[in-house]
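Trainee: Sharing a structure here in structure tokens format.
The values are calculated or read from the model by the stated rules, or taken from the named source; none is laboratory data. Every value quoted in this text rests on a predicted model; they were computed, and no experiment measured them. Because the Cβ atoms are built from the backbone with ideal geometry, glycine has one as well, and the counts that use them run over all protein chains shown. The area values use the complete protein model at the heavy-atom level, side chains included, leaving out ligands, DNA and RNA. Shrake-Rupley method; radii C 1.70, N 1.55, O 1.52, S 1.80 Å.
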Amino acid sequence: MLVYRHPIQGWTPDFIPLVLEQGLGLQDEMIEIPDGAAVTMSQTLARNEGILTGISGGATMWAAVETAK
């Protein structure tokens, strides 16, 4: 499983939740989400799919799409 991280307003850019930091042991590697990708994806979801989501939802979808590729 891949773990993606991204800057979210109010969090430091390198924030990793404690549960991951302590290591569930499920991730194979860490891939950083490019700057702006989460915002762009959340806007794309709203425009094309009618799905209203925030930055974290956009980041989650970006990670899912990249993993699917």
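Trainee: Name the residue that is farthest from residue 32 (Cα to Cα), counting only residues in the range 48-69 that are part of a helix (DSSP H, G or I) and of a type in the set (A, V, I, L, M, F, W, C).
Mentor: 68
Trainee: For residue 31, indicate whether it is at pLDDT 85 or above, outside any helix (DSSP H, G or I) and surrounded by 13 or more Cβ atoms within 10 Å (Cβ to Cβ).
Mentor: No, not satisfied.
Trainee: When the range 43-69 is examined, which residues are found to be open to solvent by 70 Å² or more (accessible area, probe 1.4 Å) and under 28 Å from residue 28 (Cα atoms)?
Mentor: 60, 61, 67, 68, 69
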